[in-house]
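This report concerns only the one structure given below.
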Amino acid sequence: MARIVVITSGKGGVGKTTTAAAVGMGLALLGHRTVVVDFDVGLRNLDLIMGCERRVVYDFINVIQGDAKLNQALIRDKRCDKLYILPASQTRDKDALTKDGVGQVLDELKRHHDYVICDSPAGIEHGAMMAMYYADDAIVVTNPEVSSVRDADRMLGILSSKSRRAETDVEPITEYLLLTRYSPERVNRGEMLSIADVQEILSLPMIGVIPESQAVLNASNAGIPVILDQQSDAGRAYQDTVSRYLGGELPMRFIDAKKGFLGRIFGGA
Amino acid sequence: MTASQILPAQAAKQALEIKAATFSLPLIRLLDNALDQLALQVEEKIAQAPDLFLHTPVVIDLSGLPEDQEIGSFPELVGVLRAVGMMPIGLRGGNALQQQAAKAMELAILSETRPRAKPEQRHEEQEPPAAAIEAAAAMPSIEVGSKVIAHPVRSGQKVYTAGGDLTVIGPVNSGAELMADGNIHVYGPLRGRVFAGIKGNEQARIFCQHLHAELIAIAGQYRVSENIPSELKGARVQIFLDQETLKIERF
């Protein structure tokens, strides 16, 4: 049975789209038929991060309104044939996402894919509500700082009360916490919340910790999901995250401060 | 076309169920029969907390009056209470005449908790009002309106327990709100806003394991985080009212 996974956060700029692209690509590389849907109508970015911005003809709203068939709007990824992207419209507004329309499109996507990844817009307005409404699983992305953690907390409250699963009183959405832009050095200096702090406030299992990395910015600029950058910490941390989502048990990597040259020689803590 | 033709599938559906439920209602206990005095004193009470009794169902209790003492007019008494926004829904005690008047106004006649015919009971009825108030204050502790929440209460979520205690097993996060007519217990870090005794119960208390609350309030007396002494931050405390002042005490 296909699963709908929403990537959400409440706060903007924490790495939702980067995560949607990385997790989507990661699942597809492991052989799962995956589609990533951009819900950020009016501010679409997923196509840029995935490097398919020049191939967009029809979009999600065209499909909802019956102007295009789903197959016409889906873009197949050039690097992995198991991966598709459904881009958002840049010219409409979010009200074009109707609950019934979104439901019908997601149902159709579920028939041909194993995972439907919904990339939520920031905020808790209509677009974000539509992105999470039909979800089976949620990956809540947060940065290690207080405002982002509070927004994630708010979003978790919404997931447990406003989703279809909550409204129909079936098994609740499975929630996972993903900590991004984590910098062990800055945690040690007391400039950031630690993993334990974030976990304590949100009381959820952590599915991954993605270190702050220049590789993420480079990947975005190049339109290549960072998970394909096997050399980078961030890319490998996303691979671990995908494995954990699929049930693998892996220790967290890249969560300790890198030792300097002298530290490595003397092996001090 | 009949309704059953339109909705054949729903014809067999159960349309109602009858269940027992217990509600805790304010009791307006008359200690004197002078209606003008009553009107004045009710208005005084309301002035202290204008919203507290607005649209609140109340029960009129005449068992505190000597049996032979007649109140001016029962409909007038109901009128006084309605004028300040209360919704009298029933009568407890009173003589046959008063009960008849209540029935005529479609108020329910509620049974008394104890028979008032026995002389020694009668004696108890006339105990000083202070003792009676104390007895009433002790009653919410056996509330059935209590609620237990066994998951985190997150930012933006509100939980209210009418007529009883609220217990949360788990964190109450910053931006969350807990409200209860009775006590509030939090087994987990308390970072949100808590209002105990929200309908004016000054005996209500707040108990928590780790105090990091943004705001604490009992019966309208409140303190924001800034005014909570820093040595009590993170401590296991109880919070209660002492002479209308909030006290935070380790326990």
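The values are calculated or read from the model by the stated rules, or taken from the named source; none is laboratory data. Because the structure is predicted, anything quoted here is derived from the model rather than measured. Neighbour counts are summed over all protein chains in view; Cβ atoms, including those assigned to glycine, are modelled from backbone coordinates with ideal geometry.
List of remarks:
- Contact annotation: residue pairs with Cβ atoms under 9 Å, 6 or more positions apart or on different chains, pairing a residue in segment B:26-48 that is within 16 Å of residue B:64 (Cα to Cα) with a partner that is β-branched (Val, Ile, Thr) and modelled with pLDDT under 80, are B:30/B:71; B:33/B:71; B:34/B:71; B:35/B:71; B:38/B:71.
- Picking from residues in segment B:213-232 that are in contact with a helix residue (DSSP H, G or I) (Cβ under 8 Å, 6 or more places away or on another chain) and over 16 Å from residue B:167 (Cα atoms), the one that is surrounded by the most Cβ atoms within 10 Å (Cβ to Cβ) is B:214.
- Helices (runs of 4 or more DSSP H) fully within segment A:59-126 counting 3 or more residues that are among the charged types (D, E, K, R): A:99-112
- Restricting segment A:186-218 to residues that are within 14 Å of chain B (Cβ to nearest Cβ) and touching a residue at least 60 places away in the same chain (Cβ under 8 Å), the residue that is surrounded by the most Cβ atoms within 10 Å (Cβ to Cβ): A:202
- Selection over segment A:69-89 of residues that are farther than 21 Å from residue A:29 by Cβ and either acidic (Asp, Glu) or surrounded by fewer than 17 Cβ atoms within 10 Å (Cβ to Cβ) (or both) gives a count of 3.
- For segment A:152-167, the set of residues classified as touching a strand residue (DSSP E or B) at 6+ places or on another chain (Cβ under 9 Å) and away from chain B (no Cβ under 11 Å) consists of A:163 only.
- When residues of segment B:176-187 are limited to those that are of a type outside the set (Val, Ile, Thr) and crowded, with 19+ Cβ neighbours inside 10 Å, the one nearest to the other protein chains (Cβ to nearest Cβ): B:176
- From the list A:149, A:170, A:141, the one residue that fits, being among the aliphatic types (A, V, I, L, M) and either within 14 Å of another protein chain (Cβ to nearest Cβ) or assigned to a helix (DSSP H, G or I) (or both), is A:149.
- Hey, residue A:197 over 30 Å from residue A:28 (Cα atoms), of a type in the set (Asp, Glu) and part of a helix (DSSP H, G or I) or not: yes
- Segment B:159-175, subset buried (at least 24 other Cβ atoms within 10 Å of the Cβ) and under 22 Å from the mean Cα position of the chain (by Cα), residue farthest from the other protein chains (Cβ to nearest Cβ): B:166
- Sole exception among (1) modelled with pLDDT of 75 or more; (2) over 23 Å from the mean Cα position of the chain (by Cα) for residue B:117, by number: (1)
- Among the candidates B:36, B:61, residue that is acidic (Asp, Glu) and surrounded by 13 or more Cβ atoms within 10 Å (Cβ to Cβ): B:61
- Residue B:154, sole failed condition from (1) among the charged types (D, E, K, R); (2) in contact with a Pro (Cβ under 9 Å, 6 or more places away or on another chain); (3) more than 10 Å from chain A (Cβ to nearest Cβ): (3)
- Meets criteria (in a helix (DSSP H, G or I), of a type in the set (Ser, Thr, Tyr) and modelled with pLDDT of 95 or more) for residue A:161: no
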